[in-house]
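For reference, the structure discussed in these notes is given below.
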Amino acid sequence: MVTDLLDRATAEEYASWFRALADPGRVQIVEYLARRARPISVGAIGDSA
């Protein structure tokens with residue numbers, strides 16, 4: 001049995017982070033940004049779609 005669970009407030013905070021990625025398009029954008037070696041403009045992200 002697990003005895004060291006996260007406290008509820010921390011668990012809710014973590015869950016909110018993952019909700020931000022609930023849309024597949026958002027996941028694609030985050031992954032695209034992670035592969036860039038430099039900053040990129042919003043327009044450049046839109047042009048790549």
Where labels lie 7 Å past Cα in the beta-carbon direction, separation of Leu6 and Val30 in nm: 1.3
Divide by every residue of the chain the summed helix terms, -39500 (n - 2.57) for each DSSP H run of at least 4, and state the resulting mean residue ellipticity at 222 nm, rounded to the nearest 500 deg cm²/dmol. -19000 deg cm²/dmol
Below 15 angstrom from the Cβ of Ile40, what's the summed charge of the other residues (Lys, Arg +1; Asp, Glu -1)? +1
Rounding to the nearest 10 and keeping the result within 0 to 90°, find how far the Cα-based axis of helix 24-35 lies from the longest principal axis of the chain. 70
Dividing the alpha-carbon radius of gyration of the range 8-48 by 2.2 N^0.38 Å, where N counts its residues, gives 1.47
If one takes the longest principal axis of the Cα atoms in the chain, at what angle in degrees, from 0 to 90 and to the nearest 10, does the Cα axis of helix 8-19 lie? 20
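Readers should treat all values here as calculations from the given coordinates under stated rules, not as data from a laboratory. As the structure is a prediction and not an experimental result, all values here were calculated from the model. Methodologically, a virtual Cβ is constructed for each residue, glycine included, from the backbone with ideal geometry; neighbour enumeration extends over all protein chains shown.
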